[in-house]
1. For the condition touching a Leu at 6+ places or on another chain (Cβ under 6 Å) and either more than 21 Å from Gly10 (Cα to Cα) or part of a strand (DSSP E or B) (or both), what is the one hit in Thr96, Thr112?
2. Six or more apart or on different chains, Cβ atoms under 8 Å: show the pairs whose first residue is in the stretch 41-67 and farther than 14 Å from Ala89 by Cα and open to solvent by less than 80 Å² (accessible area, probe 1.4 Å) and whose second is at pLDDT below 95 and among the hydroxyl-bearing types (Ser, Thr, Tyr).
3. Is it the case, given these coordinates, that Leu18 is buried (at least 18 other Cβ atoms within 10 Å of the Cβ), within 18 Å of Val111 (Cβ to Cβ) and either free of Cβ contacts under 8 Å to residues at least 12 places away in the same chain or touching a Phe, Trp or Tyr at 6+ places or on another chain (Cβ under 7 Å) (or both)?
4. When you scan the stretch 99-109, how many residues do you find that are assigned to a loop (DSSP other than H, G, I, E, B) and within 14 Å of Arg36 (Cα to Cα)?
5. Pick out, from the stretch 1-81, the strands (runs of 3 or more DSSP E) lying fully within it that include 2 or more residues that are closer than 16 Å to Thr96 by Cβ.
6. Within the stretch 28-37, track down each residue that is out of contact with any Asp or Glu (no Cβ under 8 Å at 6 or more places or on another chain) and surrounded by fewer than 23 Cβ atoms within 10 Å (Cβ to Cβ).
7. Hey, could you check the stretch 72-91 for residues that are open to solvent by 40 Å² or more (accessible area, probe 1.4 Å) and more than 14 Å from Gln13 (Cα to Cα) and say which is farthest from the chain's Cα centre (by Cα)?
Amino acid sequence: QVQLVESGGGLVQPGGSLRLSCAASGSISSFMGWNRQAPGKQRELVAGIARGGVTNYADSVKGRFTISRDNAKNTVYLQMNSLKPEDTATYYCYITTLYDSQTYWGQGTQVTVSS
């Protein structure tokens with residue numbers, strides 16, 4: 001049974017920072033990442049990272065967000081700096097498993113950027 005446990009969301013002022021974490025259990029991850037969904041909008045990719053460390057980012061977060069992973073802990077992180085109100089959304093982590101390429105999603109964590 002693959003489980004993803006997210007943490008780190010919350011309320012922050014514009015220009016502030018948050019760090020999201022997502023710990024996976026039950027399988028080894030090949031690809032890990034974060035999507036987000038704002039009210040009334042489609043879910044969109046935020047960032048992803050391959051097992052070897054290659055990363056990709058949405059244009060809207062480049063230079064502000066950094067994705068990283070700890071393979072020993074099967075955990076992915078998202079460091080979010082210079083947050084903007086438009087970053088407000090529910091953030092979902094996901095993994096693609098190494099051996100059978102199945103994708104699993106976390107339960108979501110709310111990030112609200114507001115003064």
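1. Numbers: Thr96 fails: touching a Leu at 6+ places or on another chain (Cβ under 6 Å).
After applying the criteria, what remains is Thr112.
2. Filtered contacts from the stretch 41-67: Ala50/Ser30.
3. Numbers: buried (at least 18 other Cβ atoms within 10 Å of the Cβ): yes; within 18 Å of Val111 (Cβ to Cβ): yes; either free of Cβ contacts under 8 Å to residues at least 12 places away in the same chain or touching a Phe, Trp or Tyr at 6+ places or on another chain (Cβ under 7 Å) (or both): no.
No: the conditions fail for Leu18.
4. 3
5. Numbers: elements: 3-7, 10-12, 18-25, 29-37, 44-50, 55-57, 65-70, 75-80.
Strands (runs of 3 or more DSSP E) meeting the threshold: 3-7, 18-25, 29-37, 44-50, 55-57, 65-70, 75-80.
6. If we filter the stretch 28-37 for residues that are out of contact with any Asp or Glu (no Cβ under 8 Å at 6 or more places or on another chain), which is where we start, we get 28-34.
Answer for the stretch 28-37, where residues must be out of contact with any Asp or Glu (no Cβ under 8 Å at 6 or more places or on another chain) and surrounded by fewer than 23 Cβ atoms within 10 Å (Cβ to Cβ): Ile28, Ser30, Phe31.
7. The extreme case among them is Ala72.
The values are calculated or read from the model by the stated rules, or taken from the named source; none is laboratory data. None of the values given here were measured: they were computed from a predicted structure. Note that we place each Cβ from the backbone using ideal geometry, even for glycine, and neighbour counts take in every protein chain shown. Only protein heavy atoms, including side chains, enter the accessible area calculation; ligands, DNA and RNA are left aside. Shrake-Rupley method; radii C 1.70, N 1.55, O 1.52, S 1.80 Å.
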